[in-house]
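Undergrad: Got a structure for you, written out below as structure tokens; questions coming shortly.
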Amino acid sequence: MPLPIFYINLASRADRRQHVERQLVALGLTASRIEAVTAADCGDIAGSPLSPAELGCSRSHQKIWRLMVEQDIAAALILEDDVLLSTQLPSVLDDPNLLDGVDAIQMETRQTSAMVGRLVPGKAIGIGRGRLMSSSMGSAAYVMTKALAMRLLAHPQVNSLPLDTLLFGRPGSLFYEARIFQSVPALAIQLDQTVDGRQGAGRSDLDDRRGMFSSRDPRSTEPAWRRALHHWSHHLRLVATFATTGELWGARQYRLPVADDLRKLM
């Protein structure tokens with residue numbers, strides 16, 4: 001049975017809807033559109049550390065998580081409408097072992113450095129996945145199970161951390177507690193990383209700085225000594241979490257590669 005696919009889109013952004021649906025048709029994939037939650041839909045957010053755009057983005061994804069729980073959807077691929085997808089994605093989604101021992105797979109990269117465990121080869125030649133052990137920001141394309149969706153809907157910081165920080169960032173702590181993997185190479189980027197940047201469908205209604213959301217780290221304004229403390233605490237927790245399972249051995253910190261057909265657009 002094909003993995004269900006959902007994409008988030010504002011009704012006012014027909015250009016982005018066409019952008020994502022054109023890709024899906026070309027890849028032979030079918031997806032369901034989910035109306036994005038706007039800042040206005042969020043109502044009074046006084047006291048929230050998130051900007052209206054960040055909260056709107058988070059609640060848009062929460063709509064899909066809730067739908068997965070209500071409709072008993074075991075797992076799904078979740079997309080934002082400014083995503084660019086590799087032509088290799090369908091073969092990865094067809095892998096019958098894709099979800100073995102997995103809670104979520106980060107399909108995207110923002111060309112940052114991340115620590116990833118030993119790669120597990122998949123059905124698609126040259127594409128694997130490794131246990132994510134540090135931040136890999138972005139929420140434009142990821143696979144998630146219903147079990148993790150339920151956990152996140154009940155998470156105490158679900159409305160207080162930027163979405164990608166909650167899912168794939170160190171402050172969210174999720175990759176210590178759940179089985180979060182990174183696709184290597186990444187099979188998705190956002191339009192703002194391409195040569196054309198934010199023109200056309202790449203123009204954002206929600207946040208001029210960063211697509212549908214801002215990947216602001218809530219600890220970025222902390223003093224240097226506190227950031228250093230977090231850094232070493234992270235490394236100690238890495239050892240405590242992954243060394244005993246053997247997953248730390250063979251892990252490496254490197255700039256995440258991107259699928260060749262996407263890299264040519266950057």
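Undergrad: Name, by its number, the condition in (1) closer than 25 Å to R151 by Cα; (2) surrounded by 13 or more Cβ atoms within 10 Å (Cβ to Cβ) that does not hold for S32.
TA: Single failed check for S32: (2).
Undergrad: Within the range 100-123, work out how many residues are part of a strand (DSSP E or B), surrounded by fewer than 23 Cβ atoms within 10 Å (Cβ to Cβ) and either modelled with pLDDT of 95 or more or in contact with a Pro (Cβ under 9 Å, 6 or more places away or on another chain) (or both).
TA: Residues meeting the conditions: 0.
Undergrad: Would you check if there is a residue in the range 136-150 being polar (S, T, N, Q) and outside any strand (DSSP E or B)?
TA: Yes, the range 136-150 contains a residue that is polar (S, T, N, Q) and outside any strand (DSSP E or B).
Undergrad: Oh, and also: Being more than 21 Å from R129 (Cβ to Cβ) and among the β-branched types (V, I, T) is the requirement here; does T87 meet it? Please lay out each step first, then the result.
TA: Working: more than 21 Å from R129 (Cβ to Cβ): no; among the β-branched types (V, I, T): yes.
Judged against the criteria, T87 is not a match.
Undergrad: Also, quick follow-up: So N97 passes all but one of these: (1) of a type in the set (S, T, N, Q); (2) in a loop (DSSP other than H, G, I, E, B); (3) buried (at least 18 other Cβ atoms within 10 Å of the Cβ). Which condition number does it fail?
TA: The single condition N97 does not satisfy is (3).
Undergrad: Also, quick follow-up: Would you please list the contacts, defined by Cβ atoms under 8 Å and residues six or more apart or on different chains, that run from a residue in the range 110-131 that is closer than 19 Å to P96 by Cβ to a residue that is part of a strand (DSSP E or B) and among the basic types (K, R)?
TA: That search, which allows pairs on different chains as well, returns L119/R129; V120/R129; G122/R129.
Undergrad: For residues that are of a type in the set (G, A, S), under 21 Å from D100 (Cβ atoms) and crowded, with 19+ Cβ neighbours inside 10 Å, tally how many sit in the range 145-177.
TA: Counting residues in the range 145-177 that are of a type in the set (G, A, S), under 21 Å from D100 (Cβ atoms) and crowded, with 19+ Cβ neighbours inside 10 Å gives 1.
Undergrad: Which ones in the range 61-86 are among the β-branched types (V, I, T) and more than 14 Å from the chain's Cα centre (by Cα)? Show your work before the answer.
TA: Step one: filter the range 61-86 for residues among the β-branched types (V, I, T), giving 64, 69, 73, 78, 83.
Matches in the range 61-86: V69, I73.
Listed here are the residues, each with its yes/no results for (1) at pLDDT below 95; (2) over 20 Å from Q157 (Cβ atoms); (3) in contact with a Ser or Thr (Cβ under 9 Å, 6 or more places away or on another chain).
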site: I5; (1), (2), (3): no, yes, yes
site: Q18; (1), (2), (3): no, yes, no
site: R22; (1), (2), (3): no, yes, no
site: L29; (1), (2), (3): no, yes, no
site: G43; (1), (2), (3): yes, no, no
site: L50; (1), (2), (3): yes, no, yes
site: L85; (1), (2), (3): no, yes, no
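The values are calculated or read from the model by the stated rules, or taken from the named source; none is laboratory data. Computed from a predicted structure; not experimentally measured. Quick reminder, even Gly has a Cβ in these numbers, built from the backbone with ideal geometry, and neighbours come from all protein chains shown.
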